[in-house]
Amino acid sequence: MGALVTSIRQVSAAPALSADLAAVAANTRRFVSLARGCVMAVVKADGFGHGLGDVARTAVAAGATWIGVTSLAEAVEVRESGVDVPVLSWLNPVDVEVSQAVRYGIDLSVPSLAHLAAIEAGPVRVHLQLDTGMARDGAAPHEWLALMSAARRAELAGKVSVVGVMGHLPCADTTGANETGRKALLRGVEMARQAGLRPSVRHLAATSAALTDPSSHLDVVRIGAGLVGIDPSGTTRLRSALRFTAPVVQVRRVEAGVGVGYGHAHVTERATTLALLPVGYADGVPRAASGRAEVFLGGRRRPVVGVISMDQVVVDVGDDGVAPGDEAVVFGPGDEGEPTVADWARWAGTIPHEIVTGIGTRVQRCVR
C-alpha cells in the first residue's frame, strides 16, 4: 500500500557528537583517588573517539601523571597538543623512527629482541613489554631472559634507558583472574633486576583491574575506557562523556502494511508516522542493532525500524507530532532517558569501546 508524505522539508543541521570534558575530568579524579600508584591516561584511538588532545589535557589537569597511546604518531600529537608529562607508545613496528621518540621525549615499549636490536641511537626511554597471558603483544616468556640481557647491553652502550616493565591482563573483568598475570610480571621484573636493570615503573592493570583488584595496581594503572565512562567490569557507575545527536530530515505518514527500508525487514502494523535521520553505519550506527535499537525523540524512546542503512535510519514515532529539524538523541549519558553507549553495544552484540571509537568522520564533533 502507498505512503502519504506529509513533510519532506530538508534541514541543514547535521549529525553531531559532543564530548563532555567535565565527565572525563570527574572519571580521571575517581581513578586517581582509587589508584595505589599513578594514573596513566590512555588516549589511543583519538581518545576513545572523544578527541586525543582534549582528553589528554583534561586527564592531566585532573591528576593523571602519564599518558599512554599505541602509535608514535599519536604520541607526537599528544606532545604537540601541549602535554608535558611522560608519554608512552607501545604498539610500533620494528623500524619505528626512534630519533623522533627521542626528539619529543617519548617512551617506547620494547616487545621483542628485534625491536631492541633496531634501536641504533639514543638513549631512548623504554619499557620492556612482556606477554603475561595474552599470547598477543609482548615478549613470550621463553624470550624474557634473552631480552633482559640484551636490554642491559643496550643500556650500557647508551642506546636505551630501561625505565619500565609492562604487561597486560587477559581476563581482568573476571573476579580472581589476575593473580597469574601479576606473578608473571613480578617474575619478569626480578629477572630484569638480576640482569642489572633498574626499572622504576611496573604497570599491568587497566580499567577493570584498577576498579576491582588493588593488588594489580603496582606503580601505574592504565586507564583508557574508564576515562570516558566505560567500565568493562560492570562494577562501577562512571560518567559517560559522549552525546550523539541527529536531526529529523523527513517525516511521513504511512498506512498499515508498508514495508520500510531494504528488504522490507519491517512492515508497519498500523497507520503511523515515520521520521528519517541522516545517520547510518557509515557514521558508526551499527547495522547489527537493526530491529532492536532505539533513539530518544520527542520526549521518549522510539524504535528504529527496518534495516539500518549506510546513511539513514527510520524511526517509528506513532501518532506523535515530530517535525523536520527536531533533534533525536542517538545516545547520551542516559540522564533524560536516552539510550546509552552500553545500550547500543547490547543491541549490536558488541562492547561499548567499539561504539565510541567507530563514529564516522563526517559527524560534526565538538567539546563542552
- [ ] Considering only segment 99-153, state which residues are under 24 Å from the mean Cα position of the chain (by Cα) and polar (S, T, N, Q).
- [x] Ser109, Gln129, Thr132
Open item on the list: For the structure I just gave you, tell me whether Val356 is over 16 Å from Val248 (Cβ atoms) and open to solvent by 20 Å² or more (accessible area, probe 1.4 Å).
Closed with: no
Task: His203 surrounded by fewer than 23 Cβ atoms within 10 Å (Cβ to Cβ) and within 27 Å of Pro352 (Cα to Cα) - done: no
TODO: Considering only segment 49-74, state which residues are open to solvent by 10 Å² or more (accessible area, probe 1.4 Å) and in contact with a Pro (Cβ under 8 Å, 6 or more places away or on another chain).
DONE: Thr65, Trp66
- [ ] Being open to solvent by 70 Å² or more (accessible area, probe 1.4 Å) and part of a loop (DSSP other than H, G, I, E, B) is the filter; apply it to segment 359-368 and report the residue that is nearest to Ala241 (Cα to Cα).
- [x] Arg368
TODO: Can you give me the number of residues within segment 215-261 that are open to solvent by 30 Å² or more (accessible area, probe 1.4 Å), among the basic types (Lys, Arg) and under 23 Å from Ala172 (Cα atoms)?
DONE: 2
Task: Scan of segment 239-250 for residues that are in a loop (DSSP other than H, G, I, E, B) and not basic (Lys, Arg), ordered by number - done: Ser240, Ala241, Val248, Val249
- [ ] Considering only segment 206-238, state which residues are outside any loop (DSSP other than H, G, I, E, B) and closer than 15 Å to Lys44 by Cβ.
- [x] Thr207, Arg222, Ile223, Ala225, Gly226, Leu227, Val228
Task: Enumeration of residues in segment 38-74 that are of a type in the set (Val, Ile, Thr), under 16 Å from the mean Cα position of the chain (by Cα) and not in a helix (DSSP H, G or I) - done: Val42, Val43, Ile67, Val69, Thr70
Task: Matching residues in segment 313-333 - criterion: being open to solvent by less than 30 Å² (accessible area, probe 1.4 Å) and over 20 Å from Val363 (Cβ atoms) - done: Asp316, Val317, Gly318, Val322
Open item on the list: Please return the ranges of strands (runs of 3 or more DSSP E) entirely within segment 264-355 where 3 or more residues are modelled with pLDDT of 95 or more, in contact with a Leu (Cβ under 8 Å, 6 or more places away or on another chain) and not aliphatic (A, V, I, L, M).
Closed with: none
TODO: Pairs only if they're at least six apart or on different chains, beta carbon under 6 angstrom, first in segment 248-274 and free of Cβ contacts under 8 Å to residues at least 40 places away in the same chain, second among the hydroxyl-bearing types (Ser, Thr, Tyr); list them, first residue then second.
DONE: none
TODO: Just give me the residues in segment 11-48 being open to solvent by less than 10 Å² (accessible area, probe 1.4 Å), closer than 22 Å to Arg79 by Cβ and touching a helix residue (DSSP H, G or I) at 6+ places or on another chain (Cβ under 6 Å), in sequence order.
DONE: Val24, Thr28, Val39, Ala41, Val43, Gly47
- [ ] Please work out which residue is surrounded by the fewest Cβ atoms within 10 Å (Cβ to Cβ), limiting yourself to segment 299-312 and to residues that are within 16 Å of Val251 (Cβ to Cβ) and in contact with a Gly (Cβ under 6 Å, 6 or more places away or on another chain).
- [x] Gln312
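The values are calculated or read from the model by the stated rules, or taken from the named source; none is laboratory data. Small disclaimer: the values here were computed from a predicted structure and weren't measured. Positions of Cβ are generated from backbone atoms using ideal geometry, with glycine treated the same way; all protein chains shown enter the neighbour counts. Accessible surface is based on the protein model in full, side chains and every heavy atom, while ligands, DNA and RNA are left aside. Shrake-Rupley method; radii C 1.70, N 1.55, O 1.52, S 1.80 Å.
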